[in-house]
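Peer 1: Here's a structure for you.
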Amino acid sequence: MILEPVFERRFSPKSHAFRPGRNAHTVIRTIRSNFAGYLWFLKGDLAEILNHVDPHVVMRSLEKGTRDKKILGLIKSALEGANMRGASRKEEIVEELTRLKKKRATKKKILKENEPKPDPYWLRTFFSFAPEEAAKVPNYGHCGILSPLLANVCLNELDYWMEKMIVEFFRPSEFDSIWKYSIDDGCHNPAWPEFVPSSGKEKTRKMDYVRYGGHFFIGIRGPREDAVELRKKIVAFCESELGVRLDNSKLEIEHVTRGIQFLDHIICRRVIHPTLRYTGSGGNIVSEKGVGTLLSVTACLQQCIRQFRRLELVKGDKDPEPLPCNPMLYSGQAHTNSQMNKFLETMADWYRYADNRKKVVGFCAYVVRSSLAKLYAARYRLKSRAKVYGIASRNLSRPLRESSNNSAPEYSDLLRMGLVDPIEGVQFSHMSLIPSCDYTPFPRNWIPDHERVLHEYIQLENPKFFCELLRSVKQKGLNLPQDEISQMVWDYKTHGVCYFRSNKDNKLKSDLKKITA
């Protein structure tokens with residue numbers, strides 16, 4: 001899109017949704033790296049602006065980034081061309097009609113020549129696990145794929161306002177072990193989980209902010225009164241600038257000890273008492289008990305169970321029981337195992353930065369493996385999961401036969417002739433096969449590579465910076481690409497024309513000699 005590089009360089013680094021190079025994983029890693037030591041958290045819900053937004057708010061934000069009247073007029077006509085208030089209701093009606101048509105349909109649908117194929121089962125299943133913060137995609141009138149960019153343009157006003165509030169809120173304290181002097185003085189431990197001492201008389205008051213789509217997350221290091229005051233300011237700003245009214249249910253204040261759910265991860269802390277050993281006076285080794293907190297980011301197992309229950313793969317809540325995977329009833333064993341392996345790999349990557357990654361992925365593998373075992377027991381008439389495991393092994397990699405006919409060829413012979421597909425075993429059948437949590441350090445001021453290039457381009461637009469850069473290039477005796485291109489063009493105009501004329505004269509002389517001879 002034309003507008004994306006124009007506004008991408010102006011977006012705040014605090015927003016991570018609908019932007020290249022940023023996703024939900026960068027949000028989780030930012031929280032683990034930058035939100036250690038905060039006591040109070042605000043979780044805001046601005047999903048209303050993803051369903052409907054005032055066209056005047058969008059146009060006012062767009063005019064700050066571009067002055068092209070043709071583009072502004074085109075976007076304005078697209079926003080006002082449809083009734084966006086009824087868009088959500090219209091989508092519900094379309095979904096209801098589609099569901100009724102599927103019920104009435106008795107034959108398999110034959111795709112047309114240019115009709116795209118539907119998404120595979122594993123991909124549809126994973127999309128059903130999308131968290132609440134990532135489930136909604138903005139759709140403004142006839143703007144189509146431009147709607148996510150317009151949503152970020154509107155919410156960018158909130159991002160920059162929060163950056164100003166972060167600077168104003170910062171009050172350092174010399175008695176604190178971190179953030180003593182500046183707002184960027186937080187690199188006390190580049191590895192994470194972060195260890196933040198919690199003892200001391202006074203604390204540095206600090207705040208941080210991150211946004212994903214229509215949901216934002218704020219951490220506050222200070223008393224609860226500061227969080228209440230900040231909530232009032234956010235409500236007033238959203239109502240005046242964005243035209244969205246927020247109540248306390250959409251802007252909750254929670255303490256870190258209770259745990260806050262964001263992007264299907266629970267952010268909480270664990271108080272630890274490490275033993276600090278150091279060499280004292282006289283060379284004696286002194287051991288003292290310290291107090292600190294570990295920022296814990298764990299996957300929400302209850303939310304995972306609810307998603308499986310909604311997909312009808314489990315029943316029950318406290319002690320969930322797997323159900324047969326009925327959508328794969330008419331698929332072969334090789335295709336079924338392959339589809340569910342892709343789903344498990346995607347789930348393992350989704351919970352990559354969760355402390356309890358092994359536990360959650362192990363639970364998903366147990367549900368999938370048990371669901372397939374029940375499906376195979378019904379398909380091959382084996383009556384129980386135990387018989388399926390006895391024949392197909394724990395990971396369901398051995399072939400199952402539909403009948404006990406001994407005249408049927410062996411699976412190994414059919415596989416050798418290429419008549420059947422190889423059967424993949426269901427992954428993560430043992431806890432040791434599940435990868436651990438990824439604790440790779442995340443830079444505090446991280447930005448994607450393409451944003452770094454855009455920022456350098458912004459600096460070149462500054463005449464003062466450009467003149468200084470040009471002066472330094474000339475002082476070092478370097479050649480600019482523009483100078484080389486100019487030299488090439490000049491050589492072509494001078495030497496190339498002379499060469500062409502000399503060749504033409506020689507040709508004429510040779511022709512005259514042939515005529516006179």
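Peer 1: Can you give me the orientation-averaged projected area of the convex hull built on the Cα atoms of region 201-288, in nm²?
Peer 2: Mean shadow area of the hull around the Cα atoms is 8.7 nm².
Peer 1: Using a 1.4 angstrom probe on the protein heavy atoms only, line up Lys136, Lys464, Lys70 by accessible area, largest first.
Peer 2: Lys70, Lys464, Lys136
Peer 1: Once you treat every alpha carbon in region 23-62 as an equal point and sum by Debye, what is log10 I(q)/I(0) at q = 0.18, 0.20, 0.23, 0.32 Å⁻¹?
Peer 2: -0.76, -0.80, -0.84, -1.06
Peer 1: Take region 1-82, compute every pairwise Cα distance, and split them into 5 Å bins from 0; I just need the percent in each bin.
Peer 2: Taking all Cα pairs of region 1-82, the binned fractions are 2, 10, 17, 19, 19, 13, 9, 6, 3, 1 percent.
Peer 1: Same structure again: Between region 350-385 and region 1-80, what is the C-alpha centre distance in whole Å?
Peer 2: 38 Å
Peer 1: Any idea how far apart Arg394 and Asp349 come out in nm if each label point goes 7 Å out from Cα toward Cβ?
Peer 2: Going from the Arg394 label point to the Asp349 one covers 2.7 nm.
Peer 1: Please work out how much accessible surface Val167 shows to a 1.4 Å probe, ignoring ligands, DNA and RNA, in Å² rounded to 10.
Peer 2: Approximately 100 Å² of Val167 is accessible to the 1.4 Å probe.
Peer 1: At a 1.4 Å probe, what is the % contribution of carbon and sulfur to the accessible area of region 1-62?
Peer 2: 58 percent
Peer 1: Run the numbers on region 229-388 and let me know its relative contact order in percent, using alpha-carbon pairs under 8 Å that are six or more apart.
Peer 2: 15 percent
Peer 1: In the calculated pair distance distribution of region 299-381, what percentage of Cα-Cα distances lie above 15 Å? If you can, show how the numbers build up before the last one.
Peer 2: On the way: 1953 of 3403 pairs.
So the portion of pairs separated by more than 15 Å is 57 percent.
Peer 1: Convert 10 °C to kelvin, take the viscosity as 1.306 mPa s, use the Kirkwood radius over C-alpha pairs of region 123-177 as Rh, and evaluate the Stokes-Einstein diffusion coefficient in µm²/s, rounded to a whole number.
Peer 2: 107 µm²/s
The values are calculated or read from the model by the stated rules, or taken from the named source; none is laboratory data. Remember, predicted model here, so these are calculated numbers, not experimental data. A quick note on method: Cβ atoms are made from the backbone with ideal geometry, for glycine too, and the neighbour counts reach across all protein chains shown. Ligands, DNA and RNA are excluded from the accessible area calculation, which covers all protein heavy atoms including side chains. Shrake-Rupley method; radii C 1.70, N 1.55, O 1.52, S 1.80 Å.
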